[in-house]
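To start, the structure under review is shown below, and the notes come after it.
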Amino acid sequence: MSLVRTAMVLAVVAGVGVSCTQHDPANELEILDIETYWIVDSPREGQNFIAPAVRFRLRNRGTERLSSVQARARFPGTAEEDPWGSIQQQVSDWREPLNPGDDQLVTVRSIGRYHATADPEDMLRSPAFEDPRAEIFVRIGNSSWAMLAETTVERQIGAPGVEDLVGP
């Protein structure tokens with residue numbers, strides 16, 4: 001085999017090794033500043049809708065730029081057989097990678113919702129209301145999903161700090 005051909009083969013093998021890097025989200029990512037709350041959706045046909053949401057900062061504590069990070073959540077209740085899932089969020093991509101030491105604000109909301117004719121605040125005060133949990137999962141590229149945090153969803157309408165934006 002010629003020297004040029006050997007160099008080409010080695011370059012291809014090295015490139016394949018780089019592209020097949022297995023990531024470990026539990027070791028490379030960290031969740032900070034978790035906040036939970038309820039989002040009010042538009043009413044329809046006399047029904048009000050609320051959905052749980054979780055907001056957090058996702059930090060790259062590894063040494064590599066991460067160009068494909070996704071986050072999602074599960075929202076299981078205390079007695080529910082089928083937990084609510086969430087809309088998957090793209091945290092970083094090749095245009096805006098998550099650099100080592102950097103963090104990104106992420107909000108994940110449930111695809112499931114409670115609904116009633118009552119006002120959203122009254123729905124949260126109902127004795128029959130069950131507080132769901134939020135289980136936060138992340139992955140890097142095609143790695144397996146890793147659960148990095150679990151918390152209870154607070155009985156609060158709107159994101160923490162939203163009152164400061166609205167004013168008296």
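Summing +1 for each Lys or Arg and -1 for each Asp or Glu, what net charge is found among the other residues whose Cβ lies under 15 Å from the Cβ of GLN90?
Every neighbour counted, the sum reads +2.
Can you check what the net charge comes to around LEU58, using other residues whose Cβ is under 9 Å from the Cβ of LEU58 (Lys, Arg +1; Asp, Glu -1)?
0
I need the phi-derived Karplus couplings for the stretch 145-156: 6.51 cos²θ - 1.76 cosθ + 1.60, θ = phi - 60°, integer Hz, Gly and Pro marked x.
6, 10, 7, 9, 7, 8, 7, 8, 7, 5, 7, 9
In whole angstrom, and with the biggest value first, how far do the Cα coordinates of the stretch 23-160 range along each principal axis?
50, 28, 23
Amide H neighbours of VAL91 under 5 Å, at least 5 residues apart or on other chains, H built in the peptide plane: list them.
Counting only residues 5 or more places away or on other chains, the set is VAL69, GLN70, ALA71.
Taken together, the values in this text are just the output of simple stated rules run on the coordinates, not laboratory data. The structure presented is a predicted model; accordingly, all values stated were derived computationally and were not measured. Heads up, the Cβs are rebuilt from the backbone with ideal geometry, glycines too, and the neighbour counts pull from every protein chain shown.
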